[in-house]
Every structure is written in structure tokens, then in C-alpha cells.
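Right, one structure below, let's go through it.
The values are calculated or read from the model by the stated rules, or taken from the named source; none is laboratory data. If you're wondering where the values come from, they're calculated on a predicted model, not measured in any experiment. Virtual Cβ from ideal backbone geometry, glycine too; neighbours counted across all protein chains shown.
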Amino acid sequence: MTGSSATDSRGTGLKRNSLTAVRGWMIAALVYLTAVFHRSSLGVAGLEATHRFHIGAGQLSVFVLLQVGVYAAMQVPTGVLVDRYGPRRLLTVAAALMGVAQLIFAVAPSYPMALAARALLGAGDALTFVSVLRFAALHFNPRQYPMIVAVTAVLGSVGNVLATVPLSLALHSAGWTPTFGVTAMVSAGAALAVWSLVPDNAPTLTPLRLSELGPPIRRVGARVCRAWATPGTRLGFWVHFASMSTTTVFTLLWGVPYLVAIGFSQSAASAVLLVCVAMAVIAGPPIGMVIGRRPSLRVPIAIGVCVSTAVGWLVLLELGGSNPPIAPVVLLVVFAALGGPVSAIGFALARDYNEPSMVGTATGVVNVGGFVAAIVGSAIVGATLEVRGGSSAGDYRVAFAAMLLVQVVGIAQLVRWWRRARAVAIRRQRQGLSVPVRVVARGWDLVSDAELASLGVSDPSTSPRV
């Protein structure tokens, strides 16, 4: 951006100082960095947690299921709240909640208290990413937005880096309580920084005047239904679901135990996760640049990465046996890390295919996708290991094969909704209406009158934005 101010290209009429916008985004992104660190900390602390709280694989998976479950459940309310109250307030609350949660986790004497702490952490984490993206949507134009999302993800990946080898070293040298106590203080500092330095000039675009618009639950439900009815939002949901499924399950909890089971040392397994994060950091900005300049390539890139990852896992699990060769495992999990930056495509779709006042809500809906996949995938792995009564390489082979089904379902839905979104775009183009990205009809598109009618879009004045 140049000059001292900019105006949103979609006509919101909001003027922003560019330096203030960049500074605010950087501070907001730093809160997201801490959130990713907190979220990923059990990736290397899982084995220590089993000893500290005297739990097994199934109980360990509950940590992630609860934390990510709270996160996913709060995404839609978070989108509505950030549209109403603005990113600054939500990010302040988010950082404060995460600090309190990590402090409780640091001193928790029992498994139930530790679970409560992770649930609270999930609540704080849930308020973070959607708020950062809402800030970016308000302060940067559509072409800049994908790059901002990509760089935000890169900064989040730094949190992943800190949650691998550095966290592992800190746990072994300083111990559980000091390590997590320090992370709590960092979050408290982040809350003060947001409140002091992030501009509070956002969202009075469509304030929720509950006294005028009816019961709160009905109003929120109407906003969510409106976002969900938009094919672009639904497509973004499944992009996020399919691209985040296996990589999130692997990096969030089960990666290190799986790698240890097939012969890695714990330090080597942590290093592999570090390489995965490095891949996401390196790939994020180029992917953001490409999808910003060539939005027509967004969904094909997502499908290509997701299908390649699924095929790679299938081949490895089928041909590698219970003790797969090390090099292919490393190559696969590093390639699968592309799912992180690719998932940002879902947020670009949410921004482009919804009106400005709905971007927060639509972003929350999209963000649910990947974490629903993570919940289901983590539960499948934990349940399979419990049923098999062990955690050998063979047990993980069966568990990961079952987990792979989650991504396959996501890919099928992604392709389905891509075709539906393209069909609505084709219809609007034929009627002379605008679309964010023009579509060239292909032989496999849904273009017959009967197929278009099946979408439930008959009047262009009531058509969902595409």
C-alpha cells in the first residue's frame, strides 16, 4: 500500500492509515503465533503428559479432542462476535484466556484439572485466527489479502517451531511447571500489547442490535445460515477440512508418538516436526502470491495437494508395512505440511464470496472445517490404538489408515462443492451478473438447466454470491 491511507475496494468507505494497519496486523499476528504455540505444545509434550498425569493413549487424545472441540465449537460464534465487537477486543480477551489456561496447566496436579486448562486454552485460541483475518479484511484490499493470510500463517508457523525442539529442550532442562508458566506470562504480555497498540477503528458495519433484531440465538443462527448458504463459503469449508485433516492430526498430537513407534528417537521425531513447519513457512508466501494474482488456480491447487497427500499416505501405509523406510516417511510428512498454507485458500474464498459485514462469520464457518477434521481424525487414532491395546508401528499403521478416510471424505466434498460453486458462477455470468472470479465452462461442469435448477437458484436477484 502507498500513501497514508487506503479505502476498501469493495466500498466499505473505511479509511485506514497504512502504517497503523501494518503495525496492528503484526501485533495481532503475534497473538496468533502464541496461540499456535500453545495449541501445538502437546505435540512434543504428549509423552511427558502421560507420565505426569498417569494416563494412556486414549486419555491423551482427549486433551486434543477437548481443546480442538472447544475451538471448533466457538468458530462460528467468534465470527459473529468479531463482526460485532472488532478484532482488538477479541484478541485481548483471547491472549488473556490463553495465559490463564497455560498457568493452570503448568501447576495442574491432576488429569481433570489439566483437561479444564486445555478447554480454556481452546476457548482463547478460538478467538484468535478469525480476529486476525477480520482485521486484515478490514485493512487490506482483496489482492493483498491472500498474501497477508499467508504471512500470518508463516508467523503462526514460528509458534509451531517453538513448540517442537525448543519446547522439548525447555521441558527437559527447566521442567514442566516453569516452562508452561513462562508461556503463560508471554500471553499476558501479548494481551497488554494488543489493547495498547492495535487500532480500535473496526466493525460498526452491521452491529447486532439485539433489542431490534429479535432473540440473540435466532439472529446469530440467521447470520450463520446466510454464510453457509453461500456456495463459496461451503467450498471454503471443505478446502479447509481436506487440507488440514491429516497434517493437523499429525503435528498436533500423534506425529511424535508415531515416529517414535517406527524407530525415531524423540529428539529426531521433534526435528521432523520442525522440518514440517519449515516447509509451511517456505511455501506459505509463494502460495499466497499465486492465489492472490491468479485466483482461478486456488481450488485446483488445493485439490492437487490434498489428493497427492492422500495417495502418498495410502502408498506408504500399504507398501511400507509396519516398519516403513525412514526417508519416504519424512518426505511424505514434509509434503503434507503444505496442507497448512493451502488451507488459507478457504479464507480467501470466504472473503471474496461474502459481503464485508459477513466476512467474520463466514471465516468462522470455514475455520470450523479443518478442526472438525482434526477432532475426528485424532479420535479415530486414539480409539484404534485403545482397541488394539498397544502403540506399536503396526497399531499406528491401522490407526493412520482409518484416519486417512477423513481426508478422502473431505476431498470428495471439496470436488462436489467446487462444481456447484462453478455452476452458480456460470449461471450468473450468463445472466450478466458479476462474480469475483470469472469461470470458463468445461465439459465436466454442471451447466444443464436441470443441473443448475438442482442448486435451488432460480432467481438471480436471490442467488447466493458466488
Checklist entry - So which residues in segment 159-178 are in a helix (DSSP H, G or I) and of a type in the set (G, A, S), if there are any at all? => result G159, S168, A170, S173
Checklist entry - Here are some conditions: (1) over 19 Å from S157 (Cα atoms); (2) surrounded by 18 or more Cβ atoms within 10 Å (Cβ to Cβ). P328 meets all but one. Which one does it not meet? => result (2)
Checklist entry - Applying the selection to segment 383-398, what residues are in contact (Cβ under 8 Å) with a residue 24 or more places away in the chain and either part of a helix (DSSP H, G or I) or in contact with a strand residue (DSSP E or B) (Cβ under 9 Å, 6 or more places away or on another chain) (or both)? => result A383, L385, E386, A393, G394, D395, Y396, R397
Next on the checklist: Restricting to segment 238-256, and then to whatever is at pLDDT below 80 and either surrounded by fewer than 24 Cβ atoms within 10 Å (Cβ to Cβ) or of a type in the set (A, V, I, L, M, F, W, C) (or both), can you tell me which residue is nearest to the chain's Cα centre (by Cα)?
Outcome noted: L252
Checklist outcome for this item: Within segment 292-308, residues surrounded by 13 or more Cβ atoms within 10 Å (Cβ to Cβ) and either among the charged types (D, E, K, R) or modelled with pLDDT of 90 or more (or both) come out as R298, V299, I301, A302, I303, G304, V305, C306, V307, S308
Checklist entry - Do any helices (runs of 4 or more DSSP H) entirely within segment 278-369 hold 3 or more residues that are touching a Gly at 6+ places or on another chain (Cβ under 6 Å), and if so, which? => result 339-352
Item to check | Of the criteria (1) modelled with pLDDT under 85; (2) more than 25 Å from the chain's Cα centre (by Cα), which one A170 fails | outcome: (1)
Checklist entry - Restricting attention to segment 82-94, does a residue exist that is more than 22 Å from A190 (Cβ to Cβ) and out of contact with any Phe, Trp or Tyr (no Cβ under 6 Å at 6 or more places or on another chain)? => result yes
Checklist entry - Could we say that A401 is of a type in the set (A, V, I, L, M, F, W, C) and surrounded by fewer than 23 Cβ atoms within 10 Å (Cβ to Cβ) here? => result yes
Checklist entry - Just checking, which of V182, V149, V198, V107 is crowded, with 24+ Cβ neighbours inside 10 Å, aliphatic (A, V, I, L, M) and over 16 Å from I27 (Cβ atoms)? => result V149
Checklist entry - In the list S378, S392, which residue meets the criterion of being under 18 Å from Q59 (Cα atoms), modelled with pLDDT under 85 and over 23 Å from the mean Cα position of the chain (by Cα)? => result S392
Checklist entry - Exactly one of (1) surrounded by fewer than 17 Cβ atoms within 10 Å (Cβ to Cβ); (2) touching a residue at least 60 places away in the same chain (Cβ under 8 Å); (3) among the hydrophobic types (A, V, I, L, M, F, W, C) is unmet by V315. Its number? => result (2)
Checklist outcome for this item: Given the conditions (1) surrounded by fewer than 24 Cβ atoms within 10 Å (Cβ to Cβ); (2) farther than 25 Å from R293 by Cβ, every one holds for A126 apart from (1)
Next on the checklist: If the requirement is being more than 18 Å from S157 (Cβ to Cβ) and buried (at least 19 other Cβ atoms within 10 Å of the Cβ), which of these qualifies: L273, L259?
Outcome noted: L259
Next on the checklist: Residue pairs, Cβ under 7 Å, 6 or more apart or interchain, first in segment 168-187 and over 14 Å from A108 (Cβ atoms), second among the aliphatic types (A, V, I, L, M) and part of a helix (DSSP H, G or I). List them.
Outcome noted: S168/V44; L171/A45; S187/A95; S187/M98
Checklist entry - List, please: which pairs have Cβ atoms under 6 Å, are six or more places apart or on different chains, and start with a residue in segment 430-441 that is more than 19 Å from N141 (Cα to Cα) and end with one that is among the aliphatic types (A, V, I, L, M)? => result V439/A425; V439/I426; A441/I426; A441/V447
